[in-house]
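Student: Next up is a structure, given as structure tokens.
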Amino acid sequence: MSYTNKLKIFNDPIYGFISIPDELVFDLIQHPYFQRLRRISQMGLSYLVYPGAHHTRFHHALGAMHLMQKAVEVLRYKGVIISKEEETALYVAILLHDVGHGPFSHALEQSIVENVHHEEISLLMMNRLNDFFEGKLTLAIQIFKGEYHRKFMLQLISSQLDMDRLDYLKRDSFYSGVAEGNINSDRLIQMLQVEKDELVVEEKAIYSVEKFLMARRLMYWQAYLHKTSLVAELILTKVLKRAKELTQKGIKLEASQPLHFFLSHKIELEDFNDDVVMKFSQLDDFDIMSALKSWQFHDDFILSSLSKMIIHRDLLKISLDKEKFSKEKLDFFKEKLIEIYPVSISESDYFVFKGKVKTLGYNKEAQPIKIVKKDRTVEEVVLSSDQLNSRAFSKPVTKYYICYPKVLKEFNKF
């Protein structure tokens, strides 16, 4: 295929036409690692709440790359020197930032593999791709790891105001229909600048930054941590935990080869050799959903019950509160459960459990968003903003939950 045939365009419902900037980016998009993202849901099981939320991480990665193209254009216009090699590296890094994401949700990082973050798997896959493309991804990997001397380039990929967040908020808002998440990404990008190698925002965009941070906060509670999305994700984690437990006891479960491998083995970060990376790259949402459809008919009561809950969207009841739920309440529910369900007290953990979720609108402890004033002085956004300097906005919001089968709903007065 000739070079010119690789300069394709995608028609995106958010931005219109997205162009592929060069041959390397085209070849990466064509690679099976990236094509797999077409089969990874961007918002996990949120479609059980918002029926339109069926978009994929493939959509998101292309959108984030498109925003990076705009950011490079704006910064160059403002006198920031970015070489052709650096430009391509930025596109590659943002394009591949989610390439190691597992099926459906972040929760599966605790069940398919053992405490391995998707960014660590992304890096492993980027290293594999770098070998395949004979070192052409080396600079992108350096930027992604924060090892490149130009600090602002990492901030464009991973910070509190990066191209990843600018795309997923706008995209998730569009597909879910949660209008509160919609942001003006164009305005924010137009106001970017670099001062002393740090990414900053021009002072006149302060209200756009406030809107962005508020939109992110609202999207977490209204979409990402919506109680139905949350309980569905928790149930899915429990299903895979049970499947792993049964498989490792020698009980045969119907599953694709990649899924069976991860159910049969305890895989931690140090176990990710080339063979494991290859098996992980063959795992997507389809493996999980196909397994659930099969497991709903399994003889194991726990596995079949939990699988049916997701397949038929007949989920556990979830209660949220600002205060912790007592151990007494949990134990009471468990005692009532074993009177109704054919499970032991230890197995009741699959149906009755509690925990907490926490979000932070703006993290003052992390790398802060900085505002550049007309006199070129730079200060943190919380000092420039009337809205953000309140303690409420930068204080973590924690909510506690308890989950239990709907048959126990009458006992919730306890």
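Student: Using alpha-carbon pairs under 8 Å, 6+ residues apart, how would you state the relative contact order of the stretch 109-219 in percent?
Tutor: 17
Student: Calculate, axis by axis, the spread of Cα positions in the stretch 30-136 along the three principal axes, and write the results as whole Å, longest axis first.
Tutor: Projected onto its principal axes, the Cα set of the stretch 30-136 covers 46, 34, 25 Å.
Student: In addition: Given the peptides 40-49, 81-90, arrange them by the average over their residues of other C-beta atoms within 10 Å, most packed first.
Tutor: Answer by packing, highest mean first, reads 40-49, 81-90.
Student: Which value in deg cm²/dmol, rounded to the nearest 500, describes the helix-derived mean residue ellipticity at 222 nm for the chain, given -39,500 (n - 2.57) per DSSP H run of n ≥ 4 and division by the residue count?
Tutor: My calculation for the chain gives -13500 deg cm²/dmol from helical runs alone.
Student: Show me the GluC sites (Glu not before Pro) within the stretch 306-359 that DSSP assigns to loop and that have at most 12 other Cβ atoms within 10 Å of their Cβ.
Tutor: For GluC sites (Glu not before Pro) across the stretch 306-359 that sit outside H, G, I, E and B with at most 12 neighbouring Cβ atoms in 10 Å, the list reads Glu323.
Student: Let me ask another. Can you tell me the 0 to 90 degree angle between the C-alpha axis of helix 57-77 and the longest principal axis of the chain, rounded to 10?
Tutor: 20
Student: Now, a different point. Just want to confirm a number: the relative contact order over the chain, from Cα pairs under 8 angstrom separated by 6+ residues, in percent.
Tutor: 15
Student: Answer with one residue from Phe332, Ile235, Gln257: the one whose Cα lies farthest towards the positive end of the charge dipole of the chain, charges on Cβ with Lys, Arg +1 and Asp, Glu -1.
Tutor: So the residue we want is Phe332.
Student: Hey, got the dipole for the stretch 96-209? About the Cα centre, +1 on K and R Cβ, -1 on D and E Cβ, debye to the nearest 20?
Tutor: Its charge dipole is roughly 240 debye.
Student: Over the Cα atoms of the stretch 219-272, Rg to Rh with Kirkwood Rh, two decimal places?
Tutor: That ratio equals 1.13.
Student: Follow-up question, since we're still on this one. Return the tail of the calculated pair distribution for the chain, meaning the percent of Cα-Cα pairs more than 37 Å apart.
Tutor: 29
Student: Okay, moving on. Evaluate Rg over Rh across the stretch 211-337, taking Cα atoms for both radii and Kirkwood's formula for Rh.
Tutor: Ratio of gyration radius to Kirkwood radius for the stretch 211-337: 1.04.
Student: What does the highest-first list of 191-201, 375-385 look like by mean Cβ count within 10 Å?
Tutor: Going from most to least packed, we get 191-201, 375-385.
Student: Could you work out how far the C-alpha centroid of the stretch 194-218 sits from that of the stretch 298-372, in angstrom?
Tutor: Between the Cα centre of the stretch 194-218 and that of the stretch 298-372, the gap is 35 Å.
Student: Quick one: putting +1 on the C-beta of Lys and Arg, -1 on the C-beta of Asp and Glu, what dipole do you get for the stretch 237-327 around its Cα centre, in Debye to the nearest 20?
Tutor: Magnitude of the dipole: close to 600 debye.
Student: Also, quick follow-up: What angle, in degrees between 0 and 90 and rounded to the nearest 10, separates the Cα long axis of helix 327-340 from the longest principal axis of the Cα atoms of the chain?
Tutor: 50
Student: Could the peptides 233-245, 21-33, 205-217 be put in order, highest first, of the mean number of other beta-carbon atoms found within 10 Å of their residues?
Tutor: Going by the mean number of other Cβ atoms within 10 Å, highest first, we get 233-245, 205-217, 21-33.
Student: Just name one of Ser176, Leu166, Phe297: the one whose Cα is farthest towards the positive end of the charge dipole of the chain (beta-carbon charges, Lys/Arg +1, Asp/Glu -1).
Tutor: Ser176
Student: Would you please state the base-10 log of I(q)/I(0) at q = 0.14 1/Å for the stretch 106-164, with intensities from the Debye formula using one equal scatterer on every alpha carbon?
Tutor: Here the Debye-derived log intensity ratios amount to -0.49.
Student: I've got another one for you. In debye, nearest 20, what is the charge dipole magnitude of the chain about its Cα centre with +1 on Lys and Arg Cβ and -1 on Asp and Glu Cβ, if you could check?
Tutor: The dipole of the chain has a size of about 1340 debye.
Student: Which whole-angstrom value gives the distance between the alpha carbon centres of the stretch 243-268 and the stretch 139-172?
Tutor: 35
Student: Under 26 Å Cα-Cα from Lys6, which lysines qualify once same-chain neighbours fewer than 8 residues away are excluded?
Tutor: Lys70, Lys84, Lys136
Student: Helix 118-132 versus the longest principal axis of the chain: what angle, 0 to 90°, nearest 10, using Cα atoms?
Tutor: Once rounded, one gets 60 degrees.
Student: Could I get the Rg over Rh figure for the stretch 148-209? Both from C-alpha atoms, Rh via Kirkwood, rounded to two places.
Tutor: Value, to two decimals: 1.02.
Read the figures in this text as sums done on the coordinates, not as results from a lab. On a predicted model such as this, the values are computed, not experimentally measured, just so you know. For neighbour counting, all protein chains shown are included, and Cβ atoms are generated from backbone atoms with ideal geometry for every residue, glycine included.
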